[in-house]
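To keep things clear, I will list the structure first and then write my remarks on it.
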Amino acid sequence: MIYSMTGYGSAKGASGKLEITVEMRSVNNRFLDCTVKIPRVYAALEEPIKSQVQKSVARGKVDVFVTIDASKADDVTIGVNEAVAEAYVAAVRRLAETYALPNDMTAMSLAKMADVLTVEKKETDMELLGQDMSRIVTAALEDFDAMRRREGDKLKRDVLAHTAEVERLTQLAAERSPQTVAAYRARLEGKMKETLAGENIDESRILTEAAIFADRIAVDEELTRLKSHISQLRTMLEGEEPVGRKLDFLVQEFNREANTLGSKGNDLEMARIVVDMKSEIEKIREQIQNIE
């Protein structure tokens, strides 16, 4: 299965009355680089989320955004410090009696006194939140991977199309190689006839020169390796493991053989074949930069 390194996925869920949204975005990267952005109060969940992503993604720059809405949570309790409240009431009463003042204290004015009301925040059950978060992250990863698979299928089809063209050009090079030797022999024989002006030509000399030339431009090994690389590439694309790095190395080998073909070609038509081949190999290289 081929996965693209570029993708997006999201999922929503809840933990108690906390509403959670998880979004994932990724772009190309040589290695796996995962960043989790989560409200600071829940920072303890950052590493478990990152670990979960690392089990599913092999490489790429992955950004995970976690939003937690606690607006509907009833985790705050308002209490009354009765001892403090009674002390305030008694003190105000004494002031009113001592200085003949009206006692206009109300419940609201009493509530505004320091330390009369206490605010208690219930502790979040982090174990439960962690379990629920894991479930939501799993759903986001499934959505994320579904998009990466779709993009991966497109990449695979495109790479295979360019690989088929490289294979066709490899066959053309194999057919052209003997013709190059024959053309060289014909040119050599023509030059010798012109030089010797009708005198007898040493056929063994022509055969020797042609054999030396044929050995110098022989590309059988390069063509055989190219065919092997093409077979390997197709096999890799059908595998289940991430193959982006291996494909990157394999395409370097494609280029190596194509360059050798070009240096040995010594023929205009062969040069054209090699140029077209290198163009197709470059298109393959560009596409596999997106493969996980």
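The values are calculated or read from the model by the stated rules, or taken from the named source; none is laboratory data. These figures come from a predicted structure and were not determined experimentally. Ideal geometry is used to build each Cβ from the backbone, glycine not excepted, and the neighbour counts take in all protein chains shown.
Just one of (1) over 30 Å from LYS246 (Cα atoms); (2) free of Cβ contacts under 8 Å to residues at least 60 places away in the same chain fails for THR35. It is (1).
Residues in segment 62-99 that are in contact (Cβ under 8 Å) with a residue 40 or more places away in the chain and surrounded by 12 or more Cβ atoms within 10 Å (Cβ to Cβ): VAL64, PHE65, VAL66, THR67, ILE68, ASP69, ALA70, ALA73, ASP75. Evaluation of ALA85 against the conditions (1) outside any helix (DSSP H, G or I); (2) of a type in the set (Gly, Ala, Ser); (3) touching a helix residue (DSSP H, G or I) at 6+ places or on another chain (Cβ under 9 Å) shows that the sole unmet condition is (1).
Taken over segment 237-249, the criterion of being surrounded by fewer than 18 Cβ atoms within 10 Å (Cβ to Cβ) and either hydrophobic (A, V, I, L, M, F, W, C) or assigned to a helix (DSSP H, G or I) (or both) is satisfied by ARG245, LYS246, ASP248, PHE249.
Considering segment 20-38, and only residues there that are at pLDDT 95 or above and of a type in the set (D, E, K, R), the residue that is nearest to PHE249 (Cα to Cα) turns out to be ASP33. Comparison of ALA100, ALA114, ALA91 shows that the only residue that is part of a helix (DSSP H, G or I) and of a type in the set (Gly, Ala, Ser) is ALA91.
Cβ separations smaller than 8 Å between residues 6+ apart or across chains give the following pairs from segment 102-116 residues that are closer than 17 Å to VAL84 by Cβ to residues that are assigned to a loop (DSSP other than H, G, I, E, B): LEU110/VAL116; ASP115/ASN81; VAL116/ASN81. A single member of ALA14, ALA43 is surrounded by fewer than 16 Cβ atoms within 10 Å (Cβ to Cβ), free of Cβ contacts under 8 Å to residues at least 24 places away in the same chain and not β-branched (Val, Ile, Thr), and it is ALA43. Exactly one residue out of THR138, THR67 is polar (S, T, N, Q) and in a helix (DSSP H, G or I): that is THR138. Scanning segment 151-165 for residues that are touching a residue at least 40 places away in the same chain (Cβ under 8 Å) and of a type in the set (A, V, I, L, M) yields LEU155, VAL159, LEU160.
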